[in-house]
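Here the structure comes first, spelled out in structure tokens, and everything after it is commentary.
The values are calculated or read from the model by the stated rules, or taken from the named source; none is laboratory data. Bear in mind the structure is a predicted one, so any value in this text is a computation, not a measurement. No Cβ is skipped: glycine too gets one built from the backbone with ideal geometry, and neighbour counts run over all protein chains shown. The accessibility values were calculated without ligands, DNA or RNA, using every heavy atom of the protein model including side chains. Shrake-Rupley method; radii C 1.70, N 1.55, O 1.52, S 1.80 Å.
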Amino acid sequence: MTDTTAPGATAPDYRPDRKKRSRHFYNLVGLVTFVVMAFPVYWLVVSALRPNNEIRSYDQKLWPNSITFDNFSRAIDAPNFGTAIQSSLIICVTAVLGAMVLSTVAAFAIGRFRFAGRKVFMIVLLVVQLLPPTAMLIPLYIQLNDLGAINEYWGVIVIYLVTTLPFATWMIRGFVVNIPLELEEAAMVDGCSRMGAFWRVVFPLLAPGLAAASIFSLINAWNEYLLAYIVLQDNDKYTLNVWLMNFTTSHGTDYGALMAASTMIAIPVVAFFMIVQKKMAAGLTSGAVKG
């Protein structure tokens, strides 16, 4: 075999593929990040399966020496477990549905219509989102007390709805502006009204945005503790996060039952995310228009 290298030219320097090395580095960073974020969840589940003597032991291991389900039994048998589930479902489902309806209407109005004060309204949404609800705890309590909403479900629902509405509106607006206006105009030419074009054309294409906004709203409402603890005062109206206080008494904390109850509380949100995630993936490809 003859050497095809031109006279005076140097042989190519075969170096390791930098892209491959970079990819391995980012994969390693991603794996480390996943382990760091997933370890607290793993420890929560493992602690729920440990006997109490192992949980209180100084000799902790990554896997329990023995597995028990007594912690789950004590959590289920704790007082007001059923009423706490009922309260959380009523509050969270109502708040999420209300936030999705109002934010969709607001996002469609902001994304499609030009009206006086539109930019100011959008800025106000961002500014309101920057304010933590706990900073407004005293004014909220005073207003709810004047309205007779203390110790009522609808008082907590209003707070959760208002706190998630700005972000949900911004998120859904991003999907509205990316939907071509020509699709609505074509539907209106075919005989649909403006509202009919919205429900038949725009609304189905908003599935990814609605799914993402609903996940955010549910997590915000399901995991909130302080506002629900302040507004709701009866034990039979406490949400699940407030109900967890039952495992901390003057005699100490039942860590096993507390971890088991926390694990059960996290399951509905994870299940909802898994279901909606499929809808998000389907919504990204649905409504594609052939050229």
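For Lys20, no aspartates and glutamates have a Cα closer than 16 Å to its Cα, not counting residues fewer than 8 places off in the same chain. Note that the chain presents 63 Å² accessible area per residue, ligands and nucleic acids not counted, probe 1.4 Å.
For the chain, modelled as a GNM whose springs connect Cα atoms under 10 angstrom apart, the maximal fluctuation among Phe25, Phe108, Phe273 occurs at Phe25. From the alpha carbon centroid of the stretch 208-270 to that of the stretch 103-173 is 22 Å. Placing R0 at 51 angstrom, the Cβ-Cβ distance between Ser22 and Ile219 gives a FRET efficiency of 0.95 after rounding to 0.05. Solvent-accessible area assigned to carbon and sulfur over the chain amounts to 67 percent, based on a 1.4 Å probe. The residues neighbouring Phe108, those whose beta-carbon lies less than 12 Å from its own, together hold a net charge of +2 under the Lys/Arg +1, Asp/Glu -1 convention. Whole-Hz ³J(HN,Hα) for each residue in the stretch 125-134, computed from phi via Karplus 6.51 cos²θ - 1.76 cosθ + 1.60 with θ = phi - 60°, x for glycine and proline: what do you get? Result, rounded to whole Hz: 4, 5, 5, 5, 5, 6, 7, x, x, 5.
In order along the stretch 257-266, phi translates into HN-Hα couplings of 5, 5, 5, 5, 5, 5, 5, 5, 5, 6 Hz, rounded to whole numbers, per the Karplus curve 6.51 cos²θ - 1.76 cosθ + 1.60 with θ = phi - 60° and x for Gly and Pro. Treating r as the C-beta distance of Val124 and Phe273 and R0 as 30 Å, the FRET efficiency rounds to 0.50.
So how much slack lies between Gln60 and Tyr141, counting 0.36 nm per residue of separation and subtracting their Cα-Cα distance, in nm? Walk me through the numbers on the way to the answer.
Working: separation 81, 0.36 × 81 = 29.16 nm, distance 4.33 nm.
Gain in length upon complete extension: 24.8 nm.
The calculated FRET efficiency for Met188 paired with Thr33, based on their beta-carbon distance and R0 = 51 Å, is about 0.60.
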